[in-house]
Amino acid sequence: MINKIQDQPKEYLTYKNNYLGFLNPDGQVHSIEPLVKKYEGPFYIYNLEFIRYRAQLMQSALKGVKLFYALKANPHLDVIKTLNSEGVGADVVSIGEVRRALEAGIPAHQIVYSGVGKTKFEIETALELNIYQLNVESLPELKRIIEIAKIKNKKATVAFRLNPNISIETHPYIATGLRDNKFGIDLDLFPELLELCKLNQNCLNIAGISLHLGSQMLEFSSLSESIQKLKPYFLELNQNFNTCYKFDIGGGLGIYYQTQDLISENKKLQEYADIIQKEMNSLRQQVPNLEVQSEPGRWLVAHGGVLVTEVQYVKQTPFKEFMVVDSGMNHLIRPSLYEAYHEIFPLKSNSSSKKTYDVVGPICESSDFFAKERTLSEVKEGDFIVIADCGAYAASMASDYNLQPKAKEVCF
Ligand SMILES: *Cc1c(COP(=O)(O)O)cnc(C)c1O
């Protein structure tokens, strides 16, 4: 289905004239070096054309599925605008993200509002702004929505995030579909949910159900299993409410961080798409007007960004060699938080000997590292390194801990 795969290079970062650059699908290389000359301090670079291309690839694989970009992956205005210009809406988890999506020009009717902790103020504001769909994560939240909708004399459009109690192979901190995770409505509470819906039809527009198993998913049998498990609940809602025909399959499609391999990644995309089409075709037999939604984040943007940082010191001890750089967990917390792996490249290719480093930042925590025991080309003070795959969950999770400034974000 994706005829673009064949023409696509395997890599997205490559060296040209000794300097690292972004390799775009059209074969053009955009060198990172001129930007390093222009900006002081560590900074992120986002390659908007590549992000656009990812949206096109996903849309052609997931034909007929409406995409809502999970803003929390990277809420940079130009990233959101780029994705929206390809017809992708927004999946948000706070009023701040609602406002950002609106600021980027995404209309309220293309915004899905998820999240376990929506405050009264957030729900009121969402209803005033006519946000397309509230993905409800608990019965107390539904009760709160009903109360507010009554006061405002509005109909709230809701979908229910059901917790299928199914695990996926990923880091435990990013698995969300298990019973002991805080996310979604436990299936045992479904009868109570149905009752609440029946009693409050005048202020609810029941649109569908949603599901999100977690992030960085590269194996899809749990997804199939979850869709099948939720199917009877969806059908029961559909039989009771003729407005209920949307199935939101969540986000979570993973990428490869360890190697640049777009070809294998696209095969994964195809595998994912095939599973969804199969499950949805089976559902469509009972719900002919079925609408399918998805909320991808990481897959669209991760490869479209890097973090550039300067080597401050090379610190040798009898046990280890530390490469101390001017960026750390304050700009990219994934290694500290989930022991996540990010590829690291020197900005300037060199044929010097290899060394094994712990790549660490300036923050006063031992967990402040980008890599441990990583064999890289030898570096010296003042060299720059480029950390790959920082388009997702990097700047969006940044903090100003130690009162270190946030890093600039540059787009091209
Ligand atoms: C984080 C999140 C997503 C996006 O997850 P990715 O792994 O970035 O695709 C989608 N839906 C919900 C509800 C989320 O919390």
All Cα pairs of the chain, percent lying beyond 33 Å: 36 percent
Bins of 5 Å from zero: percent of alpha-carbon pairs in region 251-376: 2, 8, 15, 17, 14, 12, 9, 7, 6, 4, 3, 2, 1, 0
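Counting other beta carbons within 10 Å of each residue's own, what order do CYS364, CYS203 fall into, fewest first?
Details: CYS364 9, CYS203 18.
Lowest count first: CYS364, CYS203.
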Whether region 40-123 is rounded, prolate or oblate, judged on the alpha carbon gyration tensor where a/c under 1.5 counts as rounded: oblate
Partners for LYS143 among aspartates and glutamates (Cα-Cα distance below 19 Å; same-chain residues under 8 apart left out): GLU122, GLU124, GLU128, ASP186, ASP188, GLU192, GLU195
Rounded Å value of the spacing that divides the Cα centres of region 214-254 and region 6-46: 38 Å
The chain, helix-only ellipticity at 222 nm - DSSP H runs n ≥ 4, -39,500 (n - 2.57), divided by all residues, nearest 500: -9000 deg cm²/dmol
Proxy reagent accessibility, fewest Cβ within 10 Å first, across LYS120, LYS81: LYS120, LYS81
Gap separating the Cα centres of region 330-362 and region 367-390, nearest whole Å: 3 Å
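Determine the percent antiparallel among the DSSP beta bridges restricted to the chain, to the nearest 5.
Values: 31 of 67 bridges.
Roughly 45 percent of the beta bridges in the chain run antiparallel, per DSSP.
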Cleavage-rule hits (GluC sites (Glu not before Pro)) in region 275-381: DSSP loop, at most 12 neighbouring Cβ within 10 angstrom: GLU339, GLU381
Shape category assigned to region 153-256 from the gyration tensor of Cα positions, a/c cut at 1.5: prolate
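Within the set LYS37/LYS81; LYS10/LYS372; LYS150/LYS198; LYS348/LYS380; LYS81/LYS267, which residue pairs have Cα atoms separated by over 18 Å? Numbers along the way, then the final one.
Working: LYS37/LYS81 27 Å; LYS10/LYS372 26 Å; LYS150/LYS198 15 Å; LYS348/LYS380 12 Å; LYS81/LYS267 27 Å.
Check vs 18 Å cut-off fails for LYS37/LYS81; LYS10/LYS372; LYS81/LYS267.
Every number in this text was worked out from the coordinates using simple rules, so none of it is lab data. Everything quoted here is computed from the prediction, not taken from an experiment. For neighbour counting, all protein chains shown are included, and Cβ atoms are generated from backbone atoms with ideal geometry for every residue, glycine included.
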